[in-house]
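A quick write-up on the structure given underneath.
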Amino acid sequence: MLDHDYPKTERLKDGREVVLRPLAQDDFDGLFAFFQALPEEDRLFLADDVSDPALIRKWTDELDFKKVIPLVALDGDRIVADGTLHIAAGGWMRHLGHIRLVTARTHRHTGLGTIIARDLVALAGERNLEKIQAHVIEDNVGSVRMFETVGFKKAAVLANVVKDQHGDERNLAIMLNDVASLTRTLEDWIQDSMIPAFRAPGEG
Ligand SMILES: CC(C)(COP(=O)(O)OP(=O)(O)OC[C@H]1O[C@@H](n2cnc3c(N)ncnc32)[C@H](O)[C@@H]1OP(=O)(O)O)[C@@H](O)C(=O)NCCC(=O)NCCS
């Protein structure tokens, strides 16, 4: 899907258009500028210290789509969103993907977050991941709604484990998308709705 579906143009709710594509090696300047433009409040809720240029350099230099699939959205030549699907190489979480996503303030509430989250879920399904998790601040209603829209449910809440920009403790919600069970439900539904005459001999 990465090769033949990208780059692709998406129209946002406000009529603007963005181009979605995987992150590339020469995106360092654009990606660093994107993170620099985020307000401190947003950066605090990201898992990594994105103000560190060495970290962003590592991400653009060491692309490995088997481990991390990074999608960026561009408005013209400006990166306005970055979403990543993280895949464990092995071990007890080898079936479990992790999505992280941030959009520029200038492009919020336009459907952009939902578009990227939807694509990352589709990419997880293609890689046969069975479940995907995302971590959000529980009272960040927009994030919770966005992940629910693309099939996540709140699986657990860790009370008072993260701190906001004021140093106040906030609840962390772990959102889970059971991609495999959705696929099974769809397959069962297709199977059940097959007209008997079209079933292969011996089938159901
Ligand atoms: C979470 C985030 C990615 C959403 O991005 P976005 O581009 O605004 O996403 P969308 O436009 O698709 O909107 C998502 C939800 O935000 C809310 N929202 C949309 N427009 C809104 C508005 N005008 N006012 C308030 N909330 C609004 C809605 O709940 C919306 O869902 P809905 O369209 O089904 O009602 C963005 O807010 C962000 O980058 N936050 C900081 C990082 C973060 O918390 N990431 C999530 C954890 S990985």
Query - Residues located in the stretch 131-151, provided they are within 7 Å of the ligand (Cβ to nearest atom) and not in a strand (DSSP E or B) - result: 140, 141, 142, 143, 145, 146, 149
Query raised in the report: Does the stretch 24-47 hold any residues that are surrounded by 14 or more Cβ atoms within 10 Å (Cβ to Cβ) and of a type in the set (Asp, Glu), and which are they?
Result: 27, 42
Query - the stretch 65-96 - residue that is in contact (Cβ under 8 Å) with a residue 60 or more places away in the chain and touching a His at 6+ places or on another chain (Cβ under 9 Å) and, of those, nearest to residue 7 (Cα to Cα) - result: 73
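Among the candidates 108, 100, which residue alone is under 21 Å from residue 23 (Cβ atoms), surrounded by fewer than 17 Cβ atoms within 10 Å (Cβ to Cβ), at pLDDT 95 or above and near the ligand (Cβ under 8 Å from one of its atoms)?
Going through 108, 100 in turn, just one is under 21 Å from residue 23 (Cβ atoms), surrounded by fewer than 17 Cβ atoms within 10 Å (Cβ to Cβ), at pLDDT 95 or above and near the ligand (Cβ under 8 Å from one of its atoms): 108.
What residue, among those in the stretch 1-33 that are basic (Lys, Arg) and more than 11 Å from the ligand (Cβ to nearest atom), is nearest to residue 105 (Cα to Cα)?
16
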Query raised in the report: Counting only residues that are open to solvent by 30 Å² or more (accessible area, probe 1.4 Å), out of contact with any helix residue (DSSP H, G or I) (no Cβ under 8 Å at 6 or more places or on another chain) and not small (Gly, Ala, Ser), which one in the stretch 119-130 is farthest from the ligand (Cβ to nearest atom)?
Result: 128
Requested in this report: State the number of residues belonging to the stretch 143-161 that are open to solvent by less than 60 Å² (accessible area, probe 1.4 Å) and of a type in the set (S, T, N, Q).
Outcome: 1
Requested in this report: Go through the stretch 36-52 and count every residue that is in a loop (DSSP other than H, G, I, E, B) and in contact with a strand residue (DSSP E or B) (Cβ under 9 Å, 6 or more places away or on another chain).
Outcome: 6
Requested in this report: List every residue pair whose Cβ atoms sit under 6 Å apart, with the two residues 6 or more apart in sequence or on different chains, where the first one lies in the stretch 4-30 and is of a type in the set (Asp, Glu) and the second, anywhere, is more than 16 Å from the ligand (Cβ to nearest atom) and modelled with pLDDT of 95 or more.
Outcome: 17/9; 27/60
Query raised in the report: Can you tell me which residue in the stretch 162-171 is nearest to the ligand (Cβ to nearest atom), limited to those that are open to solvent by less than 60 Å² (accessible area, probe 1.4 Å) and not in a strand (DSSP E or B)?
Result: 164
Report summary line: Checked the stretch 1-23 for anything open to solvent by 30 Å² or more (accessible area, probe 1.4 Å) and assigned to a loop (DSSP other than H, G, I, E, B); matches are 1, 7, 13, 14, 15, 16
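Regarding the stretch 34-51, can at least one residue be identified that is away from the ligand (no atom under 16 Å from the Cβ) and not β-branched (Val, Ile, Thr)?
no
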Query - Failed criterion for residue 83 (all others in (1) at pLDDT 95 or above; (2) open to solvent by 50 Å² or more (accessible area, probe 1.4 Å) hold) - result: (2)
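The values are calculated or read from the model by the stated rules, or taken from the named source; none is laboratory data. Everything quoted here is computed from the prediction, not taken from an experiment. With ideal geometry, Cβ positions are generated from the backbone for all residues, glycine too; neighbour counts draw on all protein chains shown. The protein model used for the area step is the full one, side chains on, heavy atoms only, and it has no ligands, DNA or RNA in it. Shrake-Rupley method; radii C 1.70, N 1.55, O 1.52, S 1.80 Å.
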